[in-house]
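Novice: Below you'll find the structure I mean.
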Amino acid sequence: MKKKFLFGAAIAAAILTGFTSCDKDDEVVEQQIIDENNVVDDDASALALVNGIYSHWQPLSSSFSFIIELNSNKLISFEGTEEKEGPLNSRFEQAPDTWYQIKIFNHLLLGVAQANEAIVTINNSKALGKVTDAGYNAAVGKAKFLRALANLKLAQLWGEIPVFTEDGGSTTERQSLDKVFDQIIKDLNSAETQLLDYKGDPRVPSRQAAQALLARTYLVLGDNPLTYDEVAAIADTQTDPEFKTTPKYLEKAVEYADKVINSGRLALAPDFSKLFGRDYESNKLGDNEHLFTIAHDGDGLDAQGNHQTHCSWTFPFQNGQNGKKYSQNHTEVADDDLYDDWKAEQPNDKRLAKTYFTKLVNPADSLTYTYYSPVYTPVNGKGVDQSYENSENLEITRNSVDRIEIRYAEVLLIKAEALVQLGRNAEAVAPFNQLRTRAGISGVTANTLNLDVIKREWDYEFTYEQFSLYNNLRWKDLITSVKKVSHYKHFADDWENKQEFTDEQHQYFEKVHNHLKAKYNNVKGRNYRQPIPLGLQREDLGIAQNPGF
């Protein structure tokens, strides 16, 4: 997780300042002039131009976890010394100069800018007859899909953001959430009409992927994202805001989830364990659950290999057992209790053993290694290439597993949750129980299904898939959720008296203890937003800061 992708300030400025505010007279003139030097020659070139946007997505595949999972009760980070970027996020001490905030914010904005440039070029090319209708729709539909996805993530993490498109707009002036979400929905509606139906390759955005993103977007809107002023009112407190909903948006979430479901083109994979890993990536098994994924070829072969595996299991089989060294991973499961609680609640859940690894056999020496206190905390299983049955993690050096952005299970759970929030529990049972059936555990009835059950199902199905913080922001329970760490095994001040530890183990669990205490003490209302960061070269971006930072 090193800082491999530093874009010069001049490059960033050149891209971003190409899309500044313009008045109506300027817009009319621009619509009448076609720059014949800013065109592509054919459909393939138009699509290749849009594919360049992925250069801003690929460096982020694992980086999202360093905000979304570390800013929750589920993950801690020992990536480097305690003042480094991973530990800072783990302890809720992130600031405008924290690298992961810088990296994600800037690459998402640069992806938006590159989408804008591509759309301008393709519009020019279409007007000159160089691009067919089909080529235009494929390229522009993909560009708008990626632009909407970037803006949605920016809005969820940073709130009001600049809105700029091929038609203009400021890159520094923050717009209201209404304007931000209006643009996201406009882009996704266009993508829905321009993109083709899902044909089994989730690396290609499809009509159903756009519909799934619309369902996700409307669920976010239905749960009333906080405005700047609402965050400012609680910024220095440890009090969650009131949870409120807007039913008309929840209805739209159900509508778009149904479009995906009723298309008949997606399905749950029969085996949950065969969703994660190189041999299963991007729908290789043809089960049609992966709906949209970010492709990775590995370090040096794309913008950056997907380091999710590297970070989750940085030094396999080096936990001090069997004569091996003792090392600390870049990301760590926050405590054994996350595994223990799930096992107590649902001991037969097939997802548990693939989400948390507690014992593994190393094929190199046939010895068993334990990931459980007092030796270690469990390992984030979804970050390990599960193509290998009881095998050493080869992906540490390859980092080539594609990242899953959307899978069909999310669509089912979005529908179930929106229906429960609308009070239509009887309708929510069927999509919800599809997940339970695959997991091998008992389903629910209309009387036993409620929002708390829905929340727990997000944990069961999607833990460590970069949903934790987003959901806490939606449900307005970020502070309450993070403070659950007070119940974890290593939180109490007398943690070291409850078990015997070697010196290395003691040092390790002392860090666990310190991070749990820091989470509990540091999380505040301001953490409903991330700090507006510096630019990639540590320059001031000129965007107003969020409350409390």
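Novice: Work out, step by step, the length gained on full extension between S55 and E242: first 0.36 nm times the residue separation, then minus their alpha carbon distance; give nm to one decimal.
Specialist: Additional length available on full extension: 63.4 nm.
Novice: So if I restrict to the alpha-carbon atoms in the chain, what is the Rg, and what is Dmax, the biggest pairwise distance, in Å?
Specialist: Taking only Cα atoms of the chain, I get Rg and Dmax of 23.1, 77 Å.
Novice: May I ask for the distance between the Cα centers of the stretch 366-381 and the stretch 328-364, given as a whole number of Å?
Specialist: 9
Novice: From Cα coordinates alone, what are the radius of gyration and Dmax values for the stretch 98-201 in angstrom?
Specialist: Expressed in Å, the Cα Rg and Dmax of the stretch 98-201 come to 14.5, 47.
Novice: Still on this structure: Using only Cα atoms, locate the centre of the stretch 116-135 and the centre of the stretch 245-292, then give the distance between them in Å, rounded to an integer.
Specialist: Taking the Cα centre of each part, the stretch 116-135 and the stretch 245-292 sit 31 Å apart.
Novice: Using the Cβ atoms and a cut-off under 11 Å, what net charge is assigned to the surroundings of I543, where Lys and Arg are +1 and Asp and Glu are -1?
Specialist: -2
Novice: What ³J(HN,Hα) values, in whole Hz, does the Karplus curve 6.51 cos²θ - 1.76 cosθ + 1.60 give for the stretch 482-490 when θ = phi - 60°, with x put for Gly and Pro?
Specialist: For the stretch 482-490, the Karplus curve yields 5, 6, 5, 4, 5, 8, 6, 4, 9 Hz.
Novice: May I pose another question? Kindly provide log₁₀ I(q)/I(0) values, in the same order as q = 0.15 Å⁻¹, from the Debye equation applied to equal alpha-carbon scatterers of the stretch 401-486.
Specialist: Cα-only, vacuum Debye calculation for the stretch 401-486: -0.58.
Novice: For the stretch 53-153, report the accessible area per residue in Å² (1.4 Å probe, heavy atoms, rounded to an integer).
Specialist: That works out to 21 Å² per residue.
Novice: Another question, then. What is the helix-to-structure angle for 247-262, meaning the angle in degrees between its Cα long axis and the longest Cα principal axis of the chain, kept from 0 to 90 and rounded to the nearest 10?
Specialist: Once rounded, the angle reads 90 degrees.
Novice: Can you tell me how much longer the chain between R538 and L285 gets when fully stretched, taken as 0.36 nm per residue apart minus their C-alpha distance, in nm with one decimal?
Specialist: Gain on stretching R538 to L285: 86.7 nm.
Novice: Under 13 Å Cα-Cα from K259, which aspartates and glutamates qualify once same-chain neighbours fewer than 8 residues away are excluded?
Specialist: E192, D197, E251
The values are calculated or read from the model by the stated rules, or taken from the named source; none is laboratory data. On a predicted model such as this, the values are computed, not experimentally measured, just so you know. FYI the Cβ positions are ideal-geometry reconstructions off the backbone, even for glycines, and counts take in every protein chain you see. These area figures cover heavy atoms from the full protein model, side chains too; ligands, DNA and RNA do not enter into them. Shrake-Rupley method; radii C 1.70, N 1.55, O 1.52, S 1.80 Å.
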